[in-house]
Amino acid sequence: MNFEKEIQTVLISKHFLIYISTEEEERLEYILQQTINKMFKGKIYSWNFIDGYKDNPNYTYQCIQNPLEALNTITKYNNKRAKVFFLKDFHVFLQDISISRKLKNLYQYLNKSDQYVILSGTEVNIPIELKEYIVYIQMPLPNKKEILIELNRFLYKENTDKLKYRQAICVAYTGFSINKIRKSLSKLILNNISKNQIIEQILQEKEKIIQNTEGLKFYSSESNLVEVGGLQNLKNWLQIRNLAFTQIANSYGIKKPKGVLLVGIQGTGKSLSAKIISNEWNMPLFRLDVSKVFTGILGESENRIEKVINICEKSSPCILWIDEIDKIFSEYNTNNDSGTKQRVTNIFLTWLSEKKQEVFIVATANTIHQLPIEILRKGRFDEIFFVDLPNFKARLKIFQIHLKTYRPITWNKYNIYYLSKISKGFSGAEIEQSIIDAMYIGFYNKREFTTTDVKNAIKKIIPLSKIERKKILNLRKWGYSGKITIA
């Protein structure tokens, strides 16, 4: 249901007091004017604290700086054409006992006179005593249809090459308000940004917006992102779902995938997988930093996790990457947090189960033991994968990937077959480190590094599989128990 239809439904259902939260007051007023005119063949009468009433011939500029009198005026105005009153920034006044009492009294009057009062504000702070009387609606950010209208207005004179990118630009602008979209488009046109840089510029602006959100970081696409070696089962699973967020898939009746949980040994490519999914699926990537969500102020942690969820939903389709999700249930598991951890966890788990927006979750964990049973059951994630240490074939691929990155022309001069043989038990990160160490040796000796240098580096590195041998054996035993899919 789009926002205009939601307002129509609420009005038809005889809800006479409506509170709409939004930061786009101008857009809200425009939508209300269109809706009210369509339904009642009339206009709305708006009030704000500075100017008082506007568009009201009997009371223009009255009730200035007087919200209580603004409510009183509604009952004095007998013209039946005054069907809807729109009072702006009213979240500031709702906690006042006189305003609260007046709204209760007003409800009865509105019911008899078949009139409506719509309140707007940027915060949701409806007092308990008014919740039975006021219906709450949150105005969503512009959908793709609205964004495309703005693009058509600004880009109609542009050449056809730029027009081909409209759908991609539309996706990049998800999460922006109409005002921000207009300013951004104006800047792009004035600066004559080339078609190849338009989306990059939009994503940079989106990153600046996200920076103001505690606990959330935006990652733009990286064209030179290193490939992940191995993990063929995971790659196949993702490839099958590559087009799941398209209109064609929706017409086919496919349900949108919810996400994956990657459990396994450190340095095996779990985190890199999130970035690669973002690149392959052409979807923005957000990383949740749990350490910045939790704070000592009572109620603030819950507000932060809800804000993170809200931004992800507004920016959908997108990918939310939760690195080391097991930390939520271990590092922050204290008895002295007044139940904060449990409340944050409940908010997040409920959202995982009930989310309707196109937010694909990629969660990683180094161990399964700290995770509660409710997060492991089907419904939270589509699949749980165990990411093991790379086998010989995967190590060959990892050596090839990293050597191609550092030596794109001469990579095939290195004996990767031999190096893969002697690096059994190494993670992908440890394999890359052996190449880096070899490069230091070659650079110090003023020559190119060799297979022998890499071999010597491998012999000096003590892999995590030896340092934490018992823990990793237990984790691998669980991974191959048949209860989980091997990545």
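Only the coordinates and a few stated rules stand behind these numbers; no lab work does. Just so you know, these numbers come straight off a predicted model, no measurement behind them. For neighbour counting, all protein chains shown are included, and Cβ atoms are generated from backbone atoms with ideal geometry for every residue, glycine included.
Loop-located chymotrypsin sites (Phe, Trp or Tyr not before Pro) in the range 422-487 (DSSP state other than H, G, I, E, B) with a sparse environment of at most 13 neighbouring Cβ atoms within 10 Å: Tyr480.
Ordering 345-351, 264-270 by mean Cβ neighbour count within 10 Å, with the highest value first, yields 264-270, 345-351. Under 15 Å from a point placed 7 Å out from the Cα of Tyr480 along the Cα-to-Cβ direction: which residues of the range 421-440 have their backbone N that close? Output list for this probe position: 425-426. Among beta bridges identified by DSSP and lying wholly in the range 3-138, the antiparallel ones come to about 15 percent.
DSSP finds beta bridges in the chain, and of those with both partners inside it, around 15 percent are antiparallel.
Counted residue by residue at 0.36 nm each, then reduced by the alpha carbon distance between them, the extension gain from Arg166 to Asn310 reaches 49.3 nm.
By definition, a body whose alpha carbon gyration tensor gives a ≥ b ≥ c is rounded when a/c is under 1.5, and the range 3-138 falls into this rounded group. The ranking of Val10, Val260 by Cβ neighbour count inside 10 Å, starting from the fewest, reads Val10, Val260.
With neighbours defined as other Cβ atoms within 10 Å of a residue's Cβ, the residues Met39, Met439 order from fewest to most as Met39, Met439. From the residues Thr9, Ser120, Tyr30, which one has its Cα farthest along the dipole of the range 3-138 in the positive direction, the dipole being from +1 and -1 charges on Cβ of Lys/Arg and Asp/Glu about the Cα centre? Going by the charge dipole, the pick is Thr9. The Cα atoms of the chain give a gyration tensor whose axes a ≥ b ≥ c have a/c of 1.5 or more with a/b greater than b/c, which makes the shape prolate. Each Cα pair under 8 Å and six or more residues apart adds its sequence gap; the mean of these over the residue count of the range 232-387 is a relative contact order of 38 percent. A simple packing score, the average count of other Cβ atoms within 10 Å per residue, orders the peptides 127-133, 199-205 as 199-205, 127-133, with the highest score first. Going by neighbour counts of Cβ atoms within 10 Å, the residues Lys112, Lys258, Lys459, Lys54 line up, fewest first, as Lys112, Lys459, Lys54, Lys258.
Most tightly packed first, judged by the mean number of other beta-carbon atoms within 10 Å of their residues, the peptides 306-319, 406-419 read 306-319, 406-419. Considered as an equivalent ellipsoid built on the Cα gyration tensor, the range 392-467 has semi-axes of 19, 15, 10 Å, the largest given first.
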